[in-house]
Amino acid sequence: MSVASLRVPRSVCSESCPSGYRQAVKEGKPACCFDCVPCSQGEIANNGKSVGCLPCPEGQWSNKKHDQCILKGIDVLSYEEALGMTLTITAAFLTALTAAILCVFIKYRATSIVKANNRGLSFALLLSLMLCFLCTFIFVGSPRKYTCMLRQTIFGIVFSISVSSILAKTIVVVTAFKATNPNSQARRWLGSKTPWSIVVSCSLAQVLICVIWLLISPPFPELNTKSSNEKIIFACNEGENVFFYCMLGYMGLLATVSFIVAFLSRNLPGSFNEAKLITFSMLVFVSVWISFIPAYLSTRGKYMVAVEVFAILCSSAGLLGCIFFPKCYIILLKPTKNRKQYLVGKSHSLK
């Protein structure tokens, strides 16, 4: 007999599948004939004779070879990675820049350009912008119970103070122009109480929204294992999203009113052309936050947080640059223009 005739016959017509593959019986063929089909994402097979793949338990995911389950990575915007580090360095730089501008305004507080259009509101706006930049640090790092509760509410309140200050400055601009006539009824609204009343009342409405939010459905840290296949998203659950959008909506309402008032008064002469600066600043502000909403809704995990931080930095920097950079340019580089006669113009004078 030949050697071939003495060979033990095989009981299958297909080789065993490698790890990460399952056996799929060929249609119309005996059960011993099968194809090797790779396991789907999140499933493994470490036995070449497996008919089906086994799903990985919650919190784990299959490796590239699909032969074992591994722990999912934690997706969080941290200070150690490049994205988080870039955002925090930018926020720190803008905070220092705002503090420097505030020091300039305090040093030259007796000059005409600082006194124009209520220097107290300018100081309040600069302080609130500093807080806007600083509040971005609450968004970076692993979420905690207190950071989740504070980050959106602090952001909303501080931004409302900033926009309310701009609205008050705009109203002061318009009122001051109308009050150039000694017989004008608008002169009584130029007192110090009027602008601060606007800031306090507009900010209190946002505080009320945030307090109700914290009492009814406060944000909390959450490990989300379902939104992403390969990572566990460690982020803040905002609770009732309706409060988050109410907060943004109210802030948008204040910004829109400020923009409209400033735009309608942009052609006022002399020192009152600060309305032009406010118009440009609110245009930047509104554009950033209109772009923020679709970008925010289309991202997940740390990139969702990064989008919000980026919007906070850009909108705050827009307010700082459009309103205060031109004034600092005159104060530091063109001191001859920092005079009452130059700011008022030829056809108007401050009463």
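Simple spin-label model, 7 Å along Cα-to-Cβ: residue 123 to residue 70 in nm?
A separation of 5.8 nm, rounded to one decimal place.
Based on alpha-carbon centroids, what's the gap between the range 197-248 and the range 281-326 in Å, whole number please?
With the range 197-248 and the range 281-326 each reduced to a Cα centre, they are spaced 18 Å.
From the Cα trace of the range 191-328, what convex hull volume per residue do you get, rounded to a whole Å³?
Enclosed volume per residue, from the Cα hull, is 129 Å³.
Could you state the number of Å between the C-alpha centres of the range 110-139 and the range 156-170?
Centre-to-centre (Cα) distance: 10 Å.
Would you kindly state how much longer the chain becomes between residue 260 and residue 222 on full extension, computed as 0.36 nm times their sequence separation minus their alpha carbon distance, in nm to one decimal?
My answer for the length gained is 9.7 nm.
On a straight-distance basis, which lysines could pair with residue 115 in a cross-link, Cα separation under 30 angstrom, same-chain partners fewer than 8 positions away excluded?
107, 169, 178, 193, 276, 327, 334, 337, 340, 346, 351
So who's got an amide H within less than 5 Å of the one on residue 228, skipping anything under 5 residues away but keeping other chains? H placed 1.01 Å off N, in plane.
Correct list: 233.
Taking the Cβ-Cβ separation of residue 300 and residue 212 as r and a Förster radius of 30 Å, what is the calculated FRET efficiency to the nearest 0.05?
Values: r = 27 Å, r/R0 = 0.91.
Efficiency computed from Cβ-Cβ geometry: 0.65.
Here, each number is a calculation from the coordinates, and none is a lab measurement. This structure is a prediction, so every number in the text was calculated from the model and none was measured. All Cβ positions, even for glycine, are placed from backbone atoms using ideal geometry, and neighbour counts span all protein chains on display.
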